[in-house]
Amino acid sequence: MNRNITNTIRFVLDELIPPFIRDNRVFMFPFYCFAYRCKDIKTVMNYKTAVYNFSGTEYRTFYSGLDSLSRNRPTDINRESLDIIANEIIQADTASVLDAGCGKGFLLKMLRHRYPEIRLTGCDIFDQPSCDEYEYLSASAENLPFPDRSFDVVTCCHTLEHIVEIGKAVAELKRVARNKVIIVVPCQREYFFTLDEHVNFFPYKSKLLHILGADAEKCLKIKGDWLAVLRSDPI
């Protein structure tokens, strides 16, 4: 399902439905059945309670077994954000990019098409087959297996909302970036029953900026998502 369509559905559910109905298990059950293809609904509806006790292996197993509408989208990044990311990268005189939480590699493949000379690396918690368009490693955003300042630009799109230890993940993104970090997260109200696996919510810019810290030089709201650019400290 197109990202713009799902953002519209999210707006209707989160903004127009009274909270006592919106966050009711019975009301949300049919939506979960649709979004998760009626598979293991009890597990996904209770995810926001269980995830805080997951081991790293349990976390990877949960995500590896998901079969949802959102997981089958080519990307969660809207077109406007993709264009801004591409422009930010070229303006930074970039020779290397890491996409942390790269999923199926949509952003990296787009960058390979636009900027074939840039060294591209992706990482996510899944094992993936080798790819000719970019280097891939299995790793979490909270523990990036790279030395300090390994990449000119680090991107992290629609990933931080899933991470329990978000402060640790942000610190790691900053650590491995030489010039800038580009982050995209949904602008979303917090509810327990959301049609995703989000544990962090950013309905207001101030909350996101508080987590990102003083390095944030830009934070834009773009069609239901926040896009933030963080500058790395000079060497």
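The values are calculated or read from the model by the stated rules, or taken from the named source; none is laboratory data. Because the structure is predicted, anything quoted here is derived from the model rather than measured. Cβ sites come from the backbone with ideal geometry, for glycine too, and all protein chains shown count toward neighbours.
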Checklist entry - Taking the range 199-235 as the region of interest, how many residues are within 14 Å of the chain's Cα centre (by Cα) and in contact (Cβ under 8 Å) with a residue 60 or more places away in the chain? => result 4
Checklist outcome for this item: Restricted to the range 1-43 and to residues being closer than 17 Å to residue 71 by Cα and β-branched (Val, Ile, Thr), the residue surrounded by the fewest Cβ atoms within 10 Å (Cβ to Cβ) is 5
Checklist entry - Is it true that residue 29 is at pLDDT 95 or above and among the hydrophobic types (A, V, I, L, M, F, W, C)? => result yes
Checklist outcome for this item: Filtering the range 130-146 down to residues that are polar (S, T, N, Q) and crowded, with 20+ Cβ neighbours inside 10 Å yields 140
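Report whether or not residue 121 is crowded, with 18+ Cβ neighbours inside 10 Å, touching a Phe, Trp or Tyr at 6+ places or on another chain (Cβ under 7 Å) and farther than 25 Å from residue 44 by Cα. Give the derivation first.
Numbers: crowded, with 18+ Cβ neighbours inside 10 Å: yes; touching a Phe, Trp or Tyr at 6+ places or on another chain (Cβ under 7 Å): yes; farther than 25 Å from residue 44 by Cα: yes.
Answer is yes for this residue.
Could you say which residue among 178, 149 is in a loop (DSSP other than H, G, I, E, B), surrounded by fewer than 23 Cβ atoms within 10 Å (Cβ to Cβ) and in contact with a strand residue (DSSP E or B) (Cβ under 6 Å, 6 or more places away or on another chain)? Full working, then the answer.
Working: 178 fails: in a loop (DSSP other than H, G, I, E, B).
Of the residues listed, the single one that is in a loop (DSSP other than H, G, I, E, B), surrounded by fewer than 23 Cβ atoms within 10 Å (Cβ to Cβ) and in contact with a strand residue (DSSP E or B) (Cβ under 6 Å, 6 or more places away or on another chain) is 149.
Just to check your reading of the model, which residue among 112, 73 is touching a residue at least 24 places away in the same chain (Cβ under 8 Å) and either surrounded by fewer than 16 Cβ atoms within 10 Å (Cβ to Cβ) or charged (D, E, K, R) (or both)?
On the way: 112 fails: touching a residue at least 24 places away in the same chain (Cβ under 8 Å).
Exactly one residue qualifies, and that residue is 73.
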Next on the checklist: Looking at residue 86 and the list (1) in the same structural domain as residue 179 (by TED's automatic domain parsing); (2) modelled with pLDDT under 95; (3) assigned to a helix (DSSP H, G or I), which single condition is not satisfied?
Outcome noted: (2)
